[in-house]
Structure formats: C-alpha cells, structure tokens
Amino acid sequence: MKILHFFLILFTANLFSQNYRFIYEYKFAPDKTKKDSLINNYMYLESDGMQSNFISETKFKIDSIKNSSNDMGEIMKAGRMDKNLHYNITKDYKKNDIVYHTKFTTINFRILENERPNWKIFDELLKVGNYECQKAETFYKGRKWTAYFTKAIPINDGPYKFSGLPGLIVKIFSEDNSHQFSLIQLKRIQNSKIQNIKNERTITNTQYQEYLKNYRPTISDIAAVSVDSNGTSSYMMKDGNVININISRETLEKYRNNQDKLGEIIMKELAGSALNPIELDE
C-alpha cells in the first residue's frame, strides 16, 4: 500500500450522515524479547458518525470474499491474516458500547468491553502531518499509552478500543513502542462495512481468555493447505485464519510417509501464540 501524506478535510455539520474510512499503519513487535523487530499491518477504522468498525485490511478483504463467493482459492490469495489480528471491534457511539468480535475454531464470539481508557489530557501540542494534535495519556489493559488527537476531526474514536477523547486519535503508541498506530490516510466511502455477525455467542473476556489458554490446535482445525516450491506452507484454518509456516523441503520429504510426525511439527508451529499481546495481564 502506498502511504499517502495527510490532507486536511473541512468537516461540516453533515459529518454524521457520511461514511469515512480512516486507515492506520499498525507496527508491533510480536516477540517481547525483540522489540526492535516490528512488523507492519494496515487497519481500517470505518465510521458512519454513529458507529464504527475496526478491522485489519487483510481480514476486511477475506470477509468480503466470504460474503460474496466464499471461494477458498481466492481467500488463500487474499493474503496471510496475522493471527494476532483475527478480530474486529465495533463501537456504538450513542450506547457507548465497545464490542470485540472474533471467531474461535468454528464459534463466533461477541465480547462486550466494560473497561474504558481513563485519559489525562495535556496542553502539549504536536503537528502530525497537517493536523494540530494534542497529547493525552492513559494506562489501559496493562500498558501505558501516549496518544495525539485532533479536534479538526470531531469523532471521539480511534484505533483498537481507544476512544473517548475530544477528537480523532491520529497517533497512539505504548510506552515501550512495541505497539504503534499512526493514521496515514482518510477516505470518504459510500457505505461503511459494519455488519451484524450471525450466531454470535456472547461471553465475558475472562471466559474468552480461558478458551485461549486451554486451546490446542489439531489437524482437524485445518480447512485447506497449499505448499509452494520453497516449502512455505499456507494453512487455511476453519476459523478463517491463514498461517504461513516455513518447513524445509527436506522435512517434508523426510516425513512424507509419517503424517503423525509431520502433523506434530505443523501443530507446534500453529500453536505458537503472541509473546507480546497488545493487552497484558494487570
């Protein structure tokens, strides 16, 4: 994706009848022991002025394919969905609801977020792109965060679960810089893709964490597999996640007739979890 420079848009009184997509670059270190090794993802925050949806660009594309053709080949081509970003977050401005949506194996979960960032706003100003921004800080979900928001875009929203400031969050980063969100583009769109997910099971965050703690992937969780000539395997999980694993051709040949052992190697890779999650245990 070509990163565009900021351009200033004058928001008028009809803002809340229009739809906007705010594109953020999300840099994070998946390994807490290698915080300088950041990977990049692009995230969409789509808002119609009444509610919003925060989702990764890749998940957005995959979900669009599922809703149109559900072509497994096209889904595999859409790109690798980072296992740390297999979620979307909706916010209802009027109800002040924040809901975390995710799919775990074959179950759609809906987790209502009860905790809100408690912001401390400073007088300090910073020019970010073409926007005059103001500094704010919060301690949220086990991390200290610094944010810069702009009143030029009067939407009290931002990336991930962050909201509640008097303007859009343009930039926000954790104290150790291992998680960083930066607004890089703003688009006016015809319709925001805020969809109602069918057959969701509502659970608490505590219950969801128990699911994650006790889950161990198995071969039966894999829906499709493709292997290129270099031995890079792409695994389409039943929950829609696409995971790439580098397995040498020698290993593939060695265990070609020992599917149990090969499955053990694959599952060991698939079971690896984020060592540097955006939310920490407090």
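Of note:
- Every residue from the stretch 149-163 that is in contact with a Pro (Cβ under 8 Å, 6 or more places away or on another chain) and either crowded, with 23+ Cβ neighbours inside 10 Å or among the hydroxyl-bearing types (Ser, Thr, Tyr) (or both): Phe149, Phe162, Ser163
- All of Arg116, Arg188, Arg110 fail the test of being closer than 16 Å to Phe54 by Cβ and not in a loop (DSSP other than H, G, I, E, B), apart from Arg110.
- Phe54 being modelled with pLDDT of 80 or more and touching a Pro at 6+ places or on another chain (Cβ under 9 Å): yes
- Residue check, Glu124 at pLDDT 95 or above, in the same structural domain as Glu25 (by TED's automatic domain parsing) and over 25 Å from Ile278 (Cα atoms): yes
- Ser182 vs. criteria at pLDDT 95 or above, assigned by TED's automatic domain parsing to the domain that holds Leu126 and within 25 Å of Lys61 (Cα to Cα): yes
- Residue list for the stretch 164-178, restricted to those being surrounded by 22 or more Cβ atoms within 10 Å (Cβ to Cβ) and either assigned to a loop (DSSP other than H, G, I, E, B) or not assigned by TED's automatic domain parsing to the domain that holds Phe22 (or both): Leu165
The values are calculated or read from the model by the stated rules, or taken from the named source; none is laboratory data. Computed from a predicted structure; not experimentally measured. Neighbour counts are summed over all protein chains in view; Cβ atoms, including those assigned to glycine, are modelled from backbone coordinates with ideal geometry.
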